[in-house]
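The values are calculated or read from the model by the stated rules, or taken from the named source; none is laboratory data. Being a predicted model, the structure only gives us computed values, none of them experimental. Glycine gets a Cβ as well: all are built from the backbone with ideal geometry, and neighbour counts include every protein chain shown.
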Amino acid sequence: MTIDFSDKKTIEKYSSAFTLSDMEIFIFPELFYPLVLANIMSSIIWEWKNDPWFDGIETKSFNYKINRIKQYIIQNYVFNLDLATWGLTTKTREIERFRDFFDVEVLKRSNALFGYEGDKYYFDIDIRKHFGLDKFNSDVIPYWKTETIEAMTAFRHKDSHTTGAGECVSLSALYAAAAFIIAGIPLEKIFLVATPLHSQNFITEKEGIITNNRRIVTKNMWFNGTSLSEKARRALENE
């Protein structure tokens, strides 16, 4: 197979596979799968199997396995959307990268970094203030990198962290890889769900389960009317 690197879209996709920012995965959603594969190939999650926390997990039920994984992630990784770690870029610069092969108006209507503000729930939220961007001019956006498990784990070495960290796409990819490695869930049963403001998974085992950042949502939780389930449903219902 010969790859034509004279084609702008091709070279952008291959360079994006190296940098893996949120916006790049939005433009090239097929890169989401290699991100999960990279985590599966990493030794870090496989080493979890040696942790006493997972002793005997092979014989346990699906719900037990997923809850055990959830608690391990909660203890070792926090949700993080800081602006300093990966730096900033501008809408102008990034739109120029993608305009030849992606409809710019569609991009502005469907991605939070480029102007999408969400439906219903999000109308009364200042998205830029929510992301901490209100201190910059309106053209500035974060270059949020979607972290592999190595990058997530490395956050513990930053002065401001005592554990690993990652944003929603990173946590989604982590859950998918952990479900495969630790819980033995076939990849065919793990669906990666990306919306303009969020990323999560749906696992089609038993009655199904949603992973949502560091939370999990069962069928019963989906319908129980609590604030936790409302937050979990928010992206799927409003985007």
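The single condition among (1) modelled with pLDDT of 90 or more; (2) more than 14 Å from the chain's Cα centre (by Cα); (3) surrounded by fewer than 19 Cβ atoms within 10 Å (Cβ to Cβ) that residue 218 does not satisfy is (1).
Within region 145-179, the residues that satisfy the criterion of being touching a helix residue (DSSP H, G or I) at 6+ places or on another chain (Cβ under 6 Å) and either outside any helix (DSSP H, G or I) or charged (D, E, K, R) (or both) are 146, 147, 148, 161, 163, 164, 165, 166. Inspection of region 16-23 identifies at least one residue that is over 18 Å from residue 175 (Cα atoms), in contact with a Phe, Trp or Tyr (Cβ under 6 Å, 6 or more places away or on another chain) and touching a residue at least 40 places away in the same chain (Cβ under 8 Å). Kindly indicate the residue of region 190-202 that is of a type in the set (A, V, I, L, M, F, W, C) and more than 11 Å from the chain's Cα centre (by Cα) and also modelled with the lowest pLDDT among those meeting that condition. The residue in question is 202.
Is it true that some residue in region 232-239 is within 17 Å of the chain's Cα centre (by Cα), of a type in the set (D, E, K, R) and modelled with pLDDT of 80 or more?
The initial filter retains those residues of region 232-239 that are within 17 Å of the chain's Cα centre (by Cα), namely 232-236, 239.
Imposing the further condition that a residue be of a type in the set (D, E, K, R) reduces the set to 233-234, 239.
Then drop every residue that is not modelled with pLDDT of 80 or more, which leaves none.
Scanning region 232-239 turns up no residue that is within 17 Å of the chain's Cα centre (by Cα), of a type in the set (D, E, K, R) and modelled with pLDDT of 80 or more.
Assessment of region 87-108 against the conditions (in contact with a Ser or Thr (Cβ under 9 Å, 6 or more places away or on another chain), in contact (Cβ under 8 Å) with a residue 24 or more places away in the chain, closer than 26 Å to residue 152 by Cα and of a type in the set (A, V, I, L, M, F, W, C)) yields no matching residue. Annotation: residue 46 fulfils all but one of (1) under 30 Å from residue 114 (Cα atoms); (2) exposed (fewer than 15 other Cβ atoms within 10 Å of the Cβ); (3) in contact with a helix residue (DSSP H, G or I) (Cβ under 7 Å, 6 or more places away or on another chain); the unmet one is (1). Under the condition of being surrounded by fewer than 22 Cβ atoms within 10 Å (Cβ to Cβ) and of a type in the set (Phe, Trp, Tyr), which residue from region 124-175 is modelled with the highest pLDDT? Residue satisfying both the conditions and the ranking: 155.
So, residue 205, is that one under 27 Å from residue 55 (Cβ atoms), modelled with pLDDT of 85 or more and surrounded by fewer than 22 Cβ atoms within 10 Å (Cβ to Cβ) or not? Step through it out loud before you land on a result.
Working: under 27 Å from residue 55 (Cβ atoms): yes; modelled with pLDDT of 85 or more: yes; surrounded by fewer than 22 Cβ atoms within 10 Å (Cβ to Cβ): yes.
It is true that residue 205 is under 27 Å from residue 55 (Cβ atoms), modelled with pLDDT of 85 or more and surrounded by fewer than 22 Cβ atoms within 10 Å (Cβ to Cβ).
Annotation: of all residues in region 38-67 being within 20 Å of residue 204 (Cα to Cα) and touching a residue at least 12 places away in the same chain (Cβ under 8 Å), the one that is nearest to the chain's Cα centre (by Cα) is 40.
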